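What follows is a set of notes on a single structure, which appears directly below.
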Amino acid sequence: MLLSSLSILMGAILVPSDYLWVYSTHIILVCLYLIWSKRPIVLFLTLLSFVSILLHEFITASNVPFVVGDALIVDFESKKLIPISAGELSQETLSDSTFVRLVYFQEDGVRRTVDGFSIASSSSRLNAEALLQSHYRAVVTGVLLSNKAGSWWEKNLYIKRQSAQLTVRFSTEVPRGLALPYSLRGRLLEKLDHALGSFSQWRFSKALLLGQDDLWSERDTWIVRTLGLAHLFVVSGLHAGFMFAIGRWVSGMVWRFLPDQILLSGVTRWHCDAVVVMPLLIAYAYLTNWGEPVVRASIMLSVYLLSRVLALKLSPFGILTFALWLVLLFEPRTVLSPGLWLSFSMVYLLIGYCQASAKWSRVFMVQVMLSTASMVLILGWQDAISSVSIFINLLLIPFAAFLWFPWALVSCAEVLVFGSTYSYEFLDRLLHLVVQFMERAAFELPLLQFEHFHSGVARSLMLILVVYWVYQSPLKRGVGGAMGVWCVLFSSSIIFHTTNADLILLNKNNKLVLIEAGQVLLMNSWVGEDVERLKLDTYLSIKQGGYFLAPNNLSELTSKMLIVHDVNWVVLKDEVAENTRRMLAALGINWVVVSDDENLEIYFRNNLILLRHSSCIYSFSLMKSDTCKRVEKFESVLNYLQT
C-alpha cells in the first residue's frame with residue numbers, strides 16, 4: 001500500500017531534472033489506477049505525498065551573491081550575513097529559502113561549521129562601520145554551491161537545504177561557543193560544560209548523551225571511527241532505544257501506582273507507555289537539536305506504540321515502512337542521505353533476525369549480526385576499521401546501555417538540579433580505563449583496509465550473505481552466511497595486501513598519516529600546538545635530522561617555527577604558494593610533496609633507507625617530475641646521514 005507513496009517521494013529527488021516528465025506521468029498513472037481499483041486510502045496517501053513534494057521541492061532557490069574575496073559581516077546572534085563588498089542586493093534576488101552554511105577555522109586549527117545563515121538584502125543593511133563594533137568581519141575564501149547530482153559535499157548541502165557553503169576567514173578570533181544559539185538547549189549545554197568540562201572523559205560522555213563532539217580532537221575521532229563505534233557517539237537510533245527502554249521502565253513504575261479507577265476504565269499498559277515514552281522521546285530529540293537519526297528512531301518507536309494503543313494488527317515490517325514514509329513525507333531529500341538507509345536497513349535486519357525467539361543467546365547473536373552488517377554497509381564510506389570491531393561493539397554497547405548512558409544521565413540531572421558532580425567523578429575514573437582500552441585496541445591491533453574492495457562484486461556478495469544469514473536464522477545453516485562474510489572481510493588484509501614497506505606516509509582526506517604494520521603512528525592533525533611531535537627523526541632512527549611533517553594548518557608553517565625547530569626537510573600535503581616556496585628556499589629547507597591519495601613508502605634494508613613515491617615510475621628514469629627528483633634527493637640525504 002505504501003510502495004506507491006514511497007516511490008513518489010523518492011522519485012521526486014532521484015529522478016534527474018530532464019526526466020521529470022516521466023515522473024509526472026508515473027504519478028498520473030498511479031492515481032488513475034487507484035481510482036479505478038477503488039482504493040481511497042492509498043489514493044489519499046499518494047496525493048498527500050504529492051502535496052509534500054509540491055511544498056518542499058518546487059520552490060525556486062535564489063542565487064548566492066558571493067564570490068571569493070568578498071567582505072561581509074557575520075552576526076551570530078541573528079544568524080545573518082551582511083555583505084560589504086558584494087554587489088547590490090534586492091529583496092527579489094533573495095528568498096526566504098536562501099540559507100547558507102558558514103565554515104571557518106579557529107586559531108588552533110579546529111574547523112567550525114554553522115548552518116542556517118540568511119543573507120541581509122540591501123534594503124535591510126545596517127551601517128557597516130557601526131556593526132564592526134559588535135559583530136565580526138570576514139572575507140570569503142571559498143564558495144561551494146549545492147547540487148543534488150554533484151560531489152558528496154555539494155549533495156550534503158542539497159540534503160540540508162543550504163544553498164551554498166561559504167568558507168570565510170575572520171579578521172579577529174571568534175570565541176568558541178559564540179555559534180551556539182542562546183536557547184534553553186544552549187543554556188543547559190553551557191551549564192553542563194562549565195560543571196563537567198574539567199573531567200578528562202567528559203568529551204566522550206557528552207558525545208554519547210547529546211551527540212556533541214565539539215570537544216574531540218582529530219585523534220579521538222579517528223579512534224572512534226576505526227573501532228566502528230561512531231554510531232555510539234552520535235545521536236542515533238541506538239540512543240533513542242536507550243531512552244525508550246528508560247521510558248518503559250519509568251512507565252512500569254507509574255503503572256504500579258495508578259489508582260484502581262483508572263485501571264478499571266480500560267486503560268492498558270500500552271496507553272501508559274505512550275503517555276510517558278513519547279514525550280520523553282520528543283524531549284530527547286529537542287536536547288540533541290533534532291538530530292535526524294533520533295527523529296527517525298522516535299518516529300519508528302512512536303508509530304509502534306500508537307499501533308499497540310489502537311490494537312492494530314500490523315506486521316513490524318509494515319510499521320517500519322510506514323515510519324519510513326513519514327520521514328520522507330516531512331523531508332523528502334533525506335532519501336539521498338546514507339544515514340537514512342543505514343538506520344532503516346539495520347532495523348529491517350533486526351526485525352527479521354529477532355522474530356524467531358528472544359533468548360539471551362539470541363540477543364548476543366543479534367549484536368554479532370548487527371556489528372557484522374554495519375561493517376559491510378559502511379564499505380566505501382570509511383577507509384579502514386579495526387579487526388576487533390565486532391568484539392569491541394559486543395563489549396561497549398551493553399556497557400553503554402546498562403551503565404554509561406543511565407549513569408551519565410543521572411550525573412547530568414545532578415548537575416542541573418543540585419549543581420554537584422559527585423556521581424560523575426566516579427564515572428570519569430571508570431571511563432579513563434575504558435578509553436585506555438579503546439586506544440590500545442585502535443593503535444596496537446591490525447586494521448582491515450576497506451580501500452582494497454575496489455570491485456563491487458565482493459560488496460554485493462557480502463550483502464547477499466548477510467541477507468541469507470538473517471533469512472535462515474535461527475537455522476544452523478545461517479551461520480554459513482556469517483562465516484562467508486567474515487572470510488571475505490578478514491581476507492582483505494591477506495589477499496589484497498601488496499606492500500611490505502616498513503613505514504607508509506600517506507595523504508588521506510588532506511591529512512598526512514604515518515603508518516607502521518597497519519597501525520597509525522602519527523597524524524599531522526593530532527598535534528595541536530606541539531609542533532615537536534611532527535618530527536620524523538625518531539621513526540627514521542636518525543638523531544637530529546630535522547625532518548618534519550607540515551602542520552595540518554599551513555598558516556602555522558612560519559619562518560619562526562622552522563628556525564626554532566631547526567627544520568631541514570619538510571613533507572607537505574600539497575603544493576604551497578609561491579611566497580612559501582621562497583621562504584623555504586631562503587632558509588635552505590628542502591621539501592617533498594605527498595598530495596591527496598598519494599603515499600610515500602619507506603623501507604629499511606641493510607642499513608639503508610629506500611623511498612618509493614606512489615606517483616613515480618621507478619622503472620622509467622627519463623623526464624622525472626619535480627616530486628620524484630625531490631624524493632631521490634631526500635633518499636640520498638637520509639642514507640648519507642646513515643653512513
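The values are calculated or read from the model by the stated rules, or taken from the named source; none is laboratory data. This one's a predicted model, so the numbers in the text were calculated from it and none came from an experiment. No Cβ is skipped: glycine too gets one built from the backbone with ideal geometry, and neighbour counts run over all protein chains shown. Keep in mind that these areas ignore ligands, DNA and RNA; they rest on the heavy atoms of the full protein, side chains included. Shrake-Rupley method; radii C 1.70, N 1.55, O 1.52, S 1.80 Å.
Assorted remarks:
- Matching residues, segment 325-350, being at pLDDT 75 or above, open to solvent by 30 Å² or more (accessible area, probe 1.4 Å) and either in contact with a Cys (Cβ under 7 Å, 6 or more places away or on another chain) or of a type outside the set (S, T, N, Q) (or both): LEU326, PHE330, GLU331, ARG333, LEU336, TRP341, VAL347, TYR348
For every residue, the table says whether it meets (1) under 20 Å from VAL114 (Cα atoms); (2) in a helix (DSSP H, G or I); (3) modelled with pLDDT of 80 or more.
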{"residue": "LYS38", "(1), (2), (3)": "no, no, yes"}
{"residue": "VAL42", "(1), (2), (3)": "no, yes, no"}
{"residue": "THR46", "(1), (2), (3)": "no, yes, no"}
{"residue": "ILE53", "(1), (2), (3)": "no, yes, no"}
{"residue": "HIS56", "(1), (2), (3)": "no, yes, no"}
{"residue": "VAL64", "(1), (2), (3)": "yes, no, no"}
{"residue": "VAL68", "(1), (2), (3)": "yes, no, yes"}
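- Taken across segment 94-107, residues that are open to solvent by less than 60 Å² (accessible area, probe 1.4 Å), modelled with pLDDT under 75, in contact with a strand residue (DSSP E or B) (Cβ under 9 Å, 6 or more places away or on another chain) and farther than 21 Å from GLN212 by Cβ do occur, with at least one present.
- Only a single criterion out of (1) open to solvent by 20 Å² or more (accessible area, probe 1.4 Å); (2) out of contact with any Ser or Thr (no Cβ under 7 Å at 6 or more places or on another chain); (3) among the aliphatic types (A, V, I, L, M) is not satisfied by ILE609, namely (1).
- Close Cβ contacts (under 8 Å, 6 or more residues apart or on different chains) running from residues in segment 302-323 that are under 15 Å from LEU349 (Cβ atoms) and in contact (Cβ under 8 Å) with a residue 12 or more places away in the chain to residues that are β-branched (Val, Ile, Thr) and open to solvent by less than 70 Å² (accessible area, probe 1.4 Å) comprise PRO316/ILE351; PHE317/ILE351; LEU320/VAL347; LEU320/ILE351.
Quick grid of which residues meet (1) open to solvent by less than 70 Å² (accessible area, probe 1.4 Å); (2) in a helix (DSSP H, G or I); (3) at pLDDT below 85; (4) among the polar types (S, T, N, Q):
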| position | (1), (2), (3), (4) |
| --- | --- |
| SER251 | yes, yes, no, yes |
| HIS271 | yes, yes, no, no |
| LEU280 | yes, yes, no, no |
| ASN289 | no, no, yes, yes |
| ALA297 | yes, yes, yes, no |
| ALA311 | no, no, yes, no |
| PHE317 | no, yes, yes, no |
| ALA323 | yes, yes, yes, no |
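- For segment 564-578, taking the residues that are of a type in the set (A, V, I, L, M) and either assigned to a loop (DSSP other than H, G, I, E, B) or without any contact (Cβ under 8 Å) to a residue 60 or more places away in the chain (or both), the one that is nearest to ASP596 (Cα to Cα) is identified as LEU572.
Here's the yes/no breakdown for (1) modelled with pLDDT under 85; (2) part of a loop (DSSP other than H, G, I, E, B); (3) among the aromatic types (Phe, Trp, Tyr):
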site	(1), (2), (3)
TRP591	no, no, yes
TYR618	yes, yes, yes
LEU622	yes, yes, no
LYS629	yes, no, no
LYS633	yes, no, no
LEU638	yes, no, no
LEU641	yes, no, no
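- Condition met for GLN165 (more than 26 Å from LEU229 (Cα to Cα), polar (S, T, N, Q) and either open to solvent by 60 Å² or more (accessible area, probe 1.4 Å) or at pLDDT 85 or above (or both)): yes
- Of all residues in segment 377-390 being open to solvent by 10 Å² or more (accessible area, probe 1.4 Å) and closer than 21 Å to VAL467 by Cα, the one that is modelled with the highest pLDDT: ILE390
- Of all residues in segment 27-59, those that are open to solvent by 70 Å² or more (accessible area, probe 1.4 Å), under 24 Å from SER163 (Cβ atoms) and not β-branched (Val, Ile, Thr) total 3.
- Residue selected from segment 509-527 under the condition open to solvent by 40 Å² or more (accessible area, probe 1.4 Å) and under 22 Å from SER555 (Cβ atoms), by the criterion modelled with the lowest pLDDT: ASN509
- Members of segment 250-270 that are at negative phi and among the small types (Gly, Ala, Ser): SER251, GLY252, SER265
- Restricting LEU264, LEU258, LEU215, LEU232 to residues that are open to solvent by 10 Å² or more (accessible area, probe 1.4 Å), touching a residue at least 12 places away in the same chain (Cβ under 8 Å) and assigned by the TED database to the domain that holds ARG308 narrows the list to LEU258.
- Residue in segment 405-420 that is open to solvent by 40 Å² or more (accessible area, probe 1.4 Å), at pLDDT below 90 and touching a strand residue (DSSP E or B) at 6+ places or on another chain (Cβ under 7 Å) present: no
- Only residues that are open to solvent by 20 Å² or more (accessible area, probe 1.4 Å) and part of a loop (DSSP other than H, G, I, E, B) were counted across segment 543-563, and they come to 5.
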